[in-house]
């Protein structure tokens, strides 16, 4: 009887260790596959942009689609014509990568693509006006940006609420508030990234830092779709920076900057804001802290002074630092360092929450 009991015990232990070993092997295999997937996503998005930008730059010169220096505009700090075609490489690189590796074709994907096309189109018109030394009206851009945000909301990707940190209950916001907060978030992030695109390498670097942070958040929460979007965005921005670092050889223009802001906003909605607590709501805000806080200051200042809050000028932090005597490279380095610190703060918040 004792031998039989011992045999059963040993059999149970063997079975238990087999199950544990099987689970560990499955977890390890799944982890390796995920790592390979993300590495390939990064490499594909990077490669597409890296190899598309040179021919697009040459095409821009042939079409005279270039940003020309203007002594009468303080924001124009470059000294020679620069192509404005990097946005198309960024758009193509991002969406090809996302569609290949996310392997989903939902209403959210359709809305993301349609919104991206809208922003690329209106941004191209705006950039074309710049090539002629003219300013495109702000109202059509605002309407298109809001329209892109509305598409995302009605596709089902929205800020719906958050968890109460004390009771653990999920607080569902009224539908009207869900709509308004989603639109304000997407429109706001799209705008602040566009406003930060005033110096070689700045908007691309800030976007890359924010995207890396949102990628880490998505990984921690097990949100593979958001992680693919984020790592694809990292790839396209780093490839773009190869040509946009000071002195820039190409610009992405309003078309590219608004597209990057739009994608960042959607990644946050699809990832960091999903099942968020009151504390973790600050994670994406800190991840995008430099452009958000800088442009809140700028908008409030313009409003107090009675100026148009949407009219481009030279009041952003990068212009102020440039006037203070820093070089372009130093300005970009300082703002990126601040962005890294804010991103690390957001990751600390994530660790506290988990």
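Under 23 Å from the mean Cα position of the chain (by Cα) and either at pLDDT 90 or above or surrounded by 14 or more Cβ atoms within 10 Å (Cβ to Cβ) (or both): does that describe residue 95? Explain how you work it out, then say what you get.
Details: under 23 Å from the mean Cα position of the chain (by Cα): yes; either at pLDDT 90 or above or surrounded by 14 or more Cβ atoms within 10 Å (Cβ to Cβ) (or both): yes.
Criteria met by residue 95.
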ask   = Is it fair to say residue 151 is surrounded by 14 or more Cβ atoms within 10 Å (Cβ to Cβ) and without any contact (Cβ under 8 Å) to a residue 24 or more places away in the chain?
value = no
task = Residues being under 9 Å from residue 155 (Cα atoms) and modelled with pLDDT under 90: count how many of those fall in the range 98-112.
result = 1
Meets criteria (surrounded by 13 or more Cβ atoms within 10 Å (Cβ to Cβ) and assigned to a loop (DSSP other than H, G, I, E, B)) for residue 135 = no
query = What about residue 281, is it touching a strand residue (DSSP E or B) at 6+ places or on another chain (Cβ under 8 Å) and within 30 Å of residue 153 (Cα to Cα)?
reply = yes
query = Within the range 179-197, how many residues are part of a helix (DSSP H, G or I) and under 15 Å from the mean Cα position of the chain (by Cα)?
reply = 11
note = For residue 115, the lone unmet condition from (1) surrounded by 15 or more Cβ atoms within 10 Å (Cβ to Cβ); (2) in contact (Cβ under 8 Å) with a residue 24 or more places away in the chain; (3) in contact with a strand residue (DSSP E or B) (Cβ under 8 Å, 6 or more places away or on another chain) is (3)
request  = From 329, 307, grab the single residue that is outside any helix (DSSP H, G or I) and either modelled with pLDDT of 90 or more or out of contact with any helix residue (DSSP H, G or I) (no Cβ under 6 Å at 6 or more places or on another chain) (or both).
outcome  = 307
query = Can you name the residue in the range 311-333 that is surrounded by fewer than 15 Cβ atoms within 10 Å (Cβ to Cβ) and under 18 Å from residue 245 (Cβ atoms) and is also farthest from the chain's Cα centre (by Cα) among such residues?
reply = 327
request  = Give 20, 73, 33 a once-over and let me know the one that is over 18 Å from residue 256 (Cα atoms), modelled with pLDDT under 70, more than 20 Å from the chain's Cα centre (by Cα) and part of a loop (DSSP other than H, G, I, E, B).
outcome  = 73
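Residue-wise test of (1) over 30 Å from residue 274 (Cβ atoms); (2) assigned to a helix (DSSP H, G or I).
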{"position": "52", "(1), (2)": "yes, yes"}
{"position": "61", "(1), (2)": "yes, yes"}
{"position": "90", "(1), (2)": "no, yes"}
{"position": "99", "(1), (2)": "no, yes"}
{"position": "113", "(1), (2)": "no, yes"}
{"position": "116", "(1), (2)": "no, yes"}
{"position": "125", "(1), (2)": "yes, yes"}
{"position": "151", "(1), (2)": "no, yes"}
{"position": "158", "(1), (2)": "no, no"}
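The values are calculated or read from the model by the stated rules, or taken from the named source; none is laboratory data. Only a predicted model underlies this, so the values are computations on that prediction, with no experimental measurement involved. Quick reminder, even Gly has a Cβ in these numbers, built from the backbone with ideal geometry, and neighbours come from all protein chains shown.
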